[in-house]
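Notes to accompany the following structure.
The values are calculated or read from the model by the stated rules, or taken from the named source; none is laboratory data. Since the model is a prediction, treat every value here as computed from it, not as a measurement. When we count neighbours, we look across all protein chains shown, and the Cβ atoms used for this are built from the backbone with ideal geometry, even at glycine. The area values use the complete protein model at the heavy-atom level, side chains included, leaving out ligands, DNA and RNA. Shrake-Rupley method; radii C 1.70, N 1.55, O 1.52, S 1.80 Å.
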Amino acid sequence: TKTVSKCYVQVTGMTCASCVANIERNLRREDGIHSILVALMAGKAEVRYNPAVIHPSAIAELIRELGFGATVMENCGEGDGILELVVRGMTCASCVHKIESTLMKTNGVLYCSVALATNKAHIKYDPEIIGPRDVIQVVKDLGFTTSLVKKDRSASHLDHKQEIRQWKRSFVVSLVFCIPVMGLMIYMMVMDSQLSDAYAHHNMSSEEMEALHSSMVLEYQILPGLSVMNFLSFLLCVPVQIFGGWHFYIQAYKAVKHKTANMDVLIVLATTIAFVYSLVILLVAMAEKAKVNPVTFFDTPPMLFVFISLGRWLEHVAKGKTSEALARLISLQATEATIVTLGPDNVLLSEEQVDVELVQRGDIVKVIPGGKFPVDGRVIEGHSMVDESLITGEAMPVTKKPGNTVIAGSINQNGSLLISATHVGADTTLSQIVKLVEEAQTSKAPIQQFADKLSGYFVPCIVAVSVVTLFAWIIIGFVDFEIVEKYFLGYNKSISAAEVIIRFAFQASITVLCIACPCSLGLA
């Protein structure tokens with residue numbers, strides 16, 4: 001017997017089935033090549049060759065001469081089939097050993113491990129020699145019942161419904177409370193400017209001045225130091241902080257636990273500090289019974305949460321769209337296949353319905369009119385028209401005669417066909433498309449990775465800057481109190497200078513934090 005080795009070649013530049021046929025046809029003619037199988041979507045050729053006559057590098061060179069890019073793939077483990085079985089009827093460790101040793105002796109099985117606790121068997125095999133049905137048969141002959149681990153065909157892990165719901169909810173909550181806060185803010189601004197105008201021109205009668213003041217109902221103090229405005233802002237801010245920010249807190253906690261800083265950490269930092277600082281300032285003002293209402297930052301958290309949760313919500317909606325397409329793709333896969341045994345002169349001897357996962361390479365599969373092709377294969381017998389629009393987008397049915405290739409998931413129209421399976425399981429064109437889409441979904445865009453990396457540095461920087469601001473103002477204040485006095489308007493003369501300085505420093509540093517936070521929105 002001639003020794004036969006197997007190698008995999010990564011082929012680039014293939015655009016359609018005729019490229020595949022071209023490569024296969026030309027390479028079969030070469031000396032030392034036994035068989036070649038090319039998968040279009042995976043861009044992979046599996047070649048069986050005689051190492052005495054030809055080398056993998058020479059095979060890649062032959063493909064290159066045909067005008068395609070080709071490199072030999074190093075890891076040959078790619079072609080191993082992997083099988084997950086549920087085995088019932090095992091009672092003890094000796095059963096496990098019996099199954100494992102029998103399977104390992106079986107030709108074509110490369111690796112096998114059986115777990116008694118979970119009733120599962122994990123088997124690696126060489127699809128050239130043996131297939132899942134043979135393995136299952138071996139286990140059945142030992143007296144155990146066994147079945148495939150059912151694959152979840154619904155693509156539910158790609159479905160972003162739950163995240164969409166979660167972010168939508170947090171967006172709506174934040175929005176509902178944000179609008180009144182913004183309304184209050186705008187009202188205050190307008191009123192402030194009117195007042196200052198009035199003071200500037202002095203051309204109003206005292207009655208008018210009185211009227212303006214009374215319209216400043218928001219500045220009215222319910223309790224000493226607690227104005228209506230601040231009280232309302234506080235009430236509106238609490239639910240946002242809790243419900244709107246819930247997911248951010250969870251994410252931020254996880255990030256900090258792993259000693260990284262991401263966007264969520266910054267958002268949580270800014271909103272929490274703004275909230276806590278405002279609350280403390282209010283309590284201090286109430287304790288002091290201050291005449292002038294302190295400047296609070298209750299408007300910051302709701303607005304931040306609104307913008308960011310809106311962004312996240314939209315992101316997940318976009319992801320969900322792709323997932324929908326994927327789920328539809330996956331639903332195109334046939335679930336069962338009819339396998340037939342042929343006698344001499346292609347006489348049908350027997351046929352049986354099996355799960356698609358159990359079809360092995362080289363099996364003869366019968367496809368009736370109106371049926372889906374369960375696997376990729378080559379037609380052996382029969383003539384028919386096939387609707388391949390799901391893969392190629394071509395509306396017209398394609399004629400199939402012996403020797404033509406068929407694609408899994410396409411629909412057979414008018415004639416019965418017998419096909420020989422060439423690509424099964426995860427190697428079919430459809431599975432490859434699904435895999436590519438999944439990979440595209442789970443991988444990050446380079447710009448996104450860059451943004452994440454940046455925000456890793458960005459967060460500590462901002463925190464550092466705001467701490468520096470805090471200390472800088474404290475130092476400035478103690479050195480030259482006039483400067484602080486100039487910028488810190490309307491502070492109560494009854495408070496000591498030191499307290500004024502510290503309050504002002506805090507205000508400055510929190511402003512830095514809060515403003516830098518939407519700036520990370522820019523990053524996003």
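Ranking Gly377, Ser416, Ser431 by Cα position along the charge dipole of the stretch 364-438, where only Lys, Arg, Asp and Glu carry charges on their C-beta atoms, puts Ser416 farthest toward the positive end. The calculated FRET efficiency for Leu116 paired with Gln353, based on their beta-carbon distance and R0 = 35 Å, is about 0.65. In straight-distance terms, cross-link reach from Lys400 covers every one of the aspartates and glutamates whose alpha-carbon lies under 17 Å from its own, apart from those fewer than eight places away in the same chain; here that gives Asp376, Glu381, Asp387, Glu388.
Taking 17 Å as the straight-line reach from the Cα of Lys254, the aspartates and glutamates in range (excluding those fewer than 8 positions away in the same chain) are Asp264, Asp452.
For Asp31 and Thr335, calculate 0.36 nm times their separation in residues minus their Cα-Cα distance, and state this gained length in nm to one decimal.
On the way: separation 304, 0.36 × 304 = 109.44 nm, distance 3.98 nm.
Taking 0.36 nm per residue and subtracting the Cα distance, the gain is 105.5 nm.
Straightening the chain between Arg48 and Met396 buys 121.7 nm, computed as 0.36 nm per residue apart minus the Cα-Cα spacing.
What FRET efficiency would be calculated for the residue pair Ala58, Lys140, taking the C-beta separation as r and a Förster radius of 51 Å, to the nearest 0.05? Display every interim value, and only then the final one.
On the way: r = 44 Å, r/R0 = 0.86.
Efficiency for this residue pair is about 0.70.
Residue by residue, the stretch 357-371 carries 3J(HN,Hα) couplings of 5, 8, 5, 10, 4, x, 5, 9, 10, 9, 10, 7, x, x, x Hz when phi is fed to the Karplus relation 6.51 cos²θ - 1.76 cosθ + 1.60 (θ = phi - 60°); x denotes Gly or Pro. When the Cα gyration tensor is reduced to axis lengths a ≥ b ≥ c, the ratio a/c is 1.5 or higher for the stretch 333-431, and with a/b not above b/c it is classed as oblate.
Compared with the direct C-alpha span, the chain from Phe231 to Asn22 gains 67.5 nm at full extension, assuming 0.36 nm per residue. Surface listing: Trp167, Trp246 arranged by accessible area from highest to lowest gives Trp246, Trp167, probe 1.4 Å. Which FRET efficiency, nearest 0.05, do Tyr249 and Val468 yield, Cβ-Cβ r, R0 30 Å? Efficiency for this residue pair is about 0.70. Placing Ile59, Ile515 in order of accessible area, with the largest value first and a 1.4 Å probe, yields Ile515, Ile59.
For the cross-link pairs Lys168/Lys319; Lys161/Lys435; Lys321/Lys372, the ones whose C-alpha atoms lie over 24 Å apart are Lys321/Lys372. Spacing of the modelled spin labels on Asp480 and Val238, each 7 Å from Cα toward Cβ, amounts to 4.4 nm. Using C-alpha pairs below 8 Å separated by at least 6 residues, the relative contact order for the stretch 5-73 is 44 percent. Taking 19 Å as the straight-line reach from the Cα of Lys6, the aspartates and glutamates in range (excluding those fewer than 8 positions away in the same chain) are Glu24, Glu30, Asp31, Glu46, Glu61, Glu74, Glu78, Asp80, Asp126, Glu128, Asp427. Where in the stretch 100-137 is the amide nitrogen less than 14 Å from a point lying 7 Å along the Cα-to-Cβ axis of Asp80? In the stretch 100-137, the label zone of Asp80 (backbone N under 14 Å from the point 7 Å along Cα→Cβ) covers 104, 108-114, 122-128.
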